[in-house]
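See structure below.
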Amino acid sequence: MKSMVPLGLIVATFALTSSCCFDSAKVYRVKPQNEKQVNFLKYLANIKQLDFWHPDSAPHIVTQMQVDFHVSTHQSRSVQTLMEQNEIQYEILLHNLQEKIEKQFDGKRNFTSRHSYTKYNDWYKIAAWTARITKIYPKLVSRIQIGSTFEKRPMYLLKVGKENGRKKAIFMDCGIHAREWISPAFCQWFVKQAASTYKKDKIMTHLLDSLNFYVLPVFNIDGYIWSWTQDRMWRKNRSKNSSTKCIGTDLNRNFAAAWGTTGFISDDPCNETYYGSAPESEDETKAVATFIRNHLSSIKAYLTIHAYSQMLMFPYGYTFHKAPNHDELTEVAKAAVEALSSLYGTTYEYGASATLIYPTSGSSVDWAYDQGIKYSFVFELRDKGNYGFLLPESKITSTCKETMLAVKSIANYILSYAS
């Protein structure tokens with residue numbers, strides 16, 4: 001009798017054999033001290049292929065900013081030489097990117113088809129999990145398909161809460177940028193912990209009795225799959241762009257919030273922050289925006305989970321002007337960060353995104369706020385750059401536990417004060 005090979009094993013093996021190889025590729029950290037050095041780094045980005053990790057593109061670089069970028073093996077030596085010639089002090093965060101990618105799995109890849117909350121799961125495991133968790137907790141969790149991706153994969157949303165009439169709701173999405181794997185890991189953790197602690201944890205029981213959570217475990221499914229099977233550092237979705245071979249749009253620049261007008265946005269489809277051909281041009285963006293618009297009467301908070309930098313931010317990103325309830329958002333963020341830090345002492349910064357990091361337009365958090373969702377926040381989870389997008393699986397549990405405290409803090413506030 002022939003043995004059957006689990007689908008998860010096929011996918012994991014494919015990821016091993018067909019992905020981009022980053023052997024000896026490096027990640028550098030620099031901190032430009034003056035405008036001359038800033039201009040040089042922007043020039044360097046034009047003549048070399050730099051993959052910016054923080055900030056997300058060269059135009060955002062300013063003096064005294066911590067700048068992290070990945071350089072391929074064949075360009076690292078020349079990049080180092082140019083930085084030294086221009087008196088740019090640098091630190092090599094990762095000497096061998098491929099080695100870090102391997103270590104992200106803590107040396108033990110999950111080759112089975114089994115889903116795990118303490119490991120990174122590929123999309124096929126997550127999709128199966130979304131169906132399974134509704135069967136385990138049928139009175140608390142239900143699954144809704146809100147649309148399809150560019151590559152026609154179903155976008156599954158999980159509704160978490162006790163069914164008892166009209167209630168306030170919180171919308172939370174994870175994985176809008178493909179390479180930020182800790183983000184979908186948190187959404188899965190949140191659903192499981194919320195459902196499994198109902199009637200056991202007093203706070204969570206009260207929240208689920210009084211609120212609904214709409215949780216999108218993976219926003220950018222096509223990109224997420226690509227980051228597993230082809231290019232671990234992939235960021236955008238996988239849509240095709242006319243008149244170019246360059247693939248993908250940055251979904252977090254594709255919302256109708258000062259779209260294409262503010263900050264250092266790009267109309268170049270080859271750029272990592274390409275904003276698309278029009279607001280909501282992307283299937284994924286349109287699906288999320290349509291769902292939220294159709295549920296505006298109940299959705300009182302919007303949370304979008306990213307990585308990395310350990311920050312909790314709120315509108316605005318497209319202007320330096322303060323949001324009308326800026327002071328209130330500051331207090332809510334402060335309380336959430338204090339709750340998060342209480343567990344392991346992890347330090348977070350908080351504030352309006354334009355001032356805390358840099359101006360951006362077309363972001364989901366600004367769009368949600370402009371739709372009337374006055375409690376809109378973006379999390380940047382661990383860490384501060386030692387691992388960057390490659391946070392090891394051994395850090396999943398602690399990251400999710402502390403983030404859970406922050407989300408519960410915000411949810412409690414929404415329950416008490418949001419009208």
Per residue, how much accessible area does region 268-383 have with a 1.4 Å probe, in Å²?
-> 35
Region 242-357: C-alpha gyration tensor shape, a/c 1.5 cut-off, then a/b vs b/c = prolate
Of K31/K119; K125/K159; K100/K300; K168/K334; K26/K322; K200/K374, which pairs sit farther than 28 Å apart, going by alpha carbon to alpha carbon?
-> K31/K119; K100/K300; K26/K322; K200/K374
Along principal axes, Cα extents of region 105-244, largest first, whole Å | 51, 39, 22
If amide H atoms are built 1.01 Å from N in the plane of the peptide, which residues on other chains or at least 5 residues away come under 5 Å of the amide H of I299?
-> A169
Under the rule that a partner needs its Cβ under 4.7 Å from the first Cβ, which Cys of the chain have none?
-> C20, C21, C400
The chain, Cα convex hull volume normalised per residue, Å³ = 147
If R0 = 35 Å, then K322 and C21, at their Cβ-Cβ distance, give a FRET efficiency to the nearest 0.05 of 0.15
For region 178-283, what is Rg from Cα atoms divided by 2.2 N^0.38 Å, rounded to two decimals?
-> 1.37
Would you mind telling me the antiparallel percentage of the DSSP bridges in the chain, rounded to 5?
-> 55
Long-range amide H partners of H306 with built H, under 5 Å = F379, E380, L381
Positive-end residue of Q75, S24, L390, charge dipole of the chain with Cβ unit charges | L390
Mean separation of Cα contacts under 8 Å, 6 or more apart, over the residue count of the chain: relative contact order % = 16
Phi angles of region 25-31, converted by Karplus (6.51 cos²θ - 1.76 cosθ + 1.60, θ = phi - 60°) into ³J(HN,Hα) in whole Hz with x for Gly and Pro, give 5, 10, 10, 9, 10, 10, 9
Whole-Hz couplings from phi, Karplus 6.51/-1.76/1.60, listed for region 146-163; x for Gly and Pro | 9, x, 9, 7, 4, 8, 6, 8, x, 9, 9, 10, 9, 9, 10, x, 7, 6
Assign unit charges at the C-beta atoms only (+1 for Lys and Arg, -1 for Asp and Glu), then state the dipole size of region 228-283 relative to its Cα centre in Debye, rounded to the nearest 20.
-> 200
Plugging the Cβ-Cβ distance of T330 and S416 into 1/(1 + (r/R0)^6) at R0 = 22 Å yields, to the nearest 0.05, a FRET efficiency of 0.80
In region 320-419, the trypsin sites (Lys or Arg not before Pro) that fall in loop regions by DSSP, at most 15 other Cβ within 10 Å = K322
The rounded separation in angstrom of the Cα centers of region 128-205 and region 316-367 is 24
List the GluC sites (Glu not before Pro) within region 138-205 that fall in a DSSP loop (any state other than H, G, I, E or B) and whose Cβ has at most 11 other Cβ atoms within 10 Å.
-> E163
Could you tell me what percent of the accessible area of region 201-339 is made up of carbon and sulfur, with a 1.4 Å probe and every protein chain present?
-> 51
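The values are calculated or read from the model by the stated rules, or taken from the named source; none is laboratory data. This one's a predicted model, so the numbers in the text were calculated from it and none came from an experiment. Backbone-built Cβ (ideal geometry, glycine too); neighbour counts: all protein chains shown. The area values use the complete protein model at the heavy-atom level, side chains included, leaving out ligands, DNA and RNA. Shrake-Rupley method; radii C 1.70, N 1.55, O 1.52, S 1.80 Å.
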